[in-house]
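See structure below.
The values are calculated or read from the model by the stated rules, or taken from the named source; none is laboratory data. Note that the structure is a prediction, hence the values are computed from the model and not measured. Methodologically, a virtual Cβ is constructed for each residue, glycine included, from the backbone with ideal geometry; neighbour enumeration extends over all protein chains shown. Note: accessible area is taken over every heavy atom of the protein model, side chains too, but ligands, DNA and RNA are not part of it. Shrake-Rupley method; radii C 1.70, N 1.55, O 1.52, S 1.80 Å.
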Amino acid sequence: MPELAYLNGKIMPIEEAFVPIEDRGYQFGDAVYEYIASHNGKLFFMDDHIARLERSLKELSYPSISMQMIKSGISDLFKASMIKRAGIYIQISRAVAPRNHGFSNQEPVQIIMTAKSLPDTHHHANKGASAITMEDYRWDRCDIKTVQLLPNCLSKQKAVDQGAYDTIFISKENIVREATSSNVFIIKNNKVLTHPLTNKILPGITRKVILEVCMDKKIAFEESFFTLEQLYDADEVFLSGTVTEVLPIITIDSKNIADKKPGQLTQVLFKELRSKAGVK
Ligand code: PLP
């Protein structure tokens with residue numbers, strides 16, 4: 001299957017796509033992104049991703065652009081790639097312009113996308129994974145999906161260096177925020193808890209779908225703050241994300257979560273999420 005890129009309306013082999021060095025995304029991290037996955041040849045939760053992209057652009061005062069054009073670009077690229085289980089990365093940077101902190105919004109935004117195969121991570125859901133925690137030292141607008149991901153990258157690498165899967169960010173006030181590329185859920189006494197939507201976390205699409213599943217299946221849930229101690233003391237912990245799907249976390253900072261096995265309700269939510277995506 002060809003791995004393809006989309007560069008301002010043109011589709012080409014990925015190795016032929018380049019951006020100019022004065023792209024503001026490259027020099028200032030002045031770009032937003034989305035990541036959409038497909039299952040069995042169908043892109044999932046596209047409208048939610050597009051709505052979040054539009055919001056990110058608006059929050060950063062980008063010039064308005066047609067979301068219909070972005071949607072067609074995504075569909076064209078996805079079709080051309082012929083990849084059934086694909087990850088489509090979409091990035092919009094403000095402009096290519098002489099380096100200057102201020103901006104005029106006069107130059108056209110730069111739209112790039114890539115279509116690549118996504119490995120199946122089903123086995124992780126059966127086995128579970130480990131996490132470490134770290135103080136959240138990111139900026140105050142984690143609700144905007146920008147490419148400024150250096151704290152996330154450094155924190156992910158710290159986990160990997162310690163043999164763990166990911167890092168969970170904890171605020172100075174001891175509140176559990178989210179992981180480096182997923183939201184965090186705990187389950188205590190059959191109730192599902194996750195951080196409310198504030199400027200401190202990304203409004204995950206998978207998070208939203210999981211809460212919808214809880215609603216449909218009459219599983220008790222609450223969007224409320226919880227502490228590091230509640231995280232350690234949970235009956236079940238899992239991460240959620242487009243790539244992560246539902247990933248049980250069975251040890252945190254070398255402490256076992258419950259009996260160190262993926263929890264039952266977590267497995268139910270994983271299956272329900274997959275069935276929403278049309279995967280048996
Ligand atoms: N939180 C962060 C920091 C993320 O980067 C992501 C996904 O990239 C998520 C949460 C999960 O969001 P979604 O479910 O939309 O993939």
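Between region 48-67 and region 144-160, the alpha-carbon centres lie 22 Å apart. Taking the helices alone, the chain has a mean residue ellipticity at 222 nm of -8500 deg cm²/dmol, built from -39,500 (n - 2.57) per DSSP H run of at least 4 residues and averaged over all its residues.
Straight-line cross-link reach from K58 at under 16 Å between alpha-carbon atoms covers these aspartates and glutamates, not counting any fewer than eight positions away in the same chain: D30, E34, D48, D143.
Label sites at S72 and F28, each approximated as a point 7 angstrom past Cα along Cα to Cβ, lie 3.0 nm apart.
Accessible area per residue for the chain is 48 Å², calculated with a 1.4 Å probe on protein heavy atoms, without ligands, DNA or RNA. Each Lys and Arg Cβ is given +1 and each Asp and Glu Cβ -1; about its Cα centre, the chain then shows a dipole of about 600 debye.
When the accessible area of region 191-234 is split by element with a 1.4 Å probe, what percent falls to carbon and sulfur?
Working: 1160 of 2020 Å².
Within region 191-234, the accessible surface is 58 percent carbon and sulfur.
Looking at region 162-258, the GluC sites (Glu not before Pro) that sit in a DSSP loop and have at most 11 other Cβ atoms within 10 Å of their own Cβ are E173.
Along the axis of the charge dipole computed for the chain (Cβ charges of +1 for Lys and Arg, -1 for Asp and Glu, origin at the Cα centre), the listed residues Q148, I249, L118 are led at the positive end by L118. Taking the Cα centre of region 4-117 as the origin and placing charges on Cβ (Lys, Arg +1; Asp, Glu -1), which of Y33, N105, P63 is farthest toward the positive end of the dipole? Towards the positive end, the residue furthest out is Y33.
When the accessible area of region 27-99 is split by element with a 1.4 Å probe, what percent falls to carbon and sulfur?
On the way: 1690 of 3120 Å².
The value for region 27-99 is 54 percent carbon and sulfur by accessible area.
Note: relative contact order over the chain, using C-alpha pairs below 8 Å and six or more positions apart, is 18 percent.
Report, in listed order, any pair from K42/K200; K84/K261; K191/K261; K79/K156 with a Cα-Cα distance greater than 25 Å. Each step should come with its number before you reach the end.
Numbers: K42/K200 31 Å; K84/K261 31 Å; K191/K261 18 Å; K79/K156 32 Å.
Going by Cα-Cα distance, K42/K200; K84/K261; K79/K156 fall outside the 25 Å limit.
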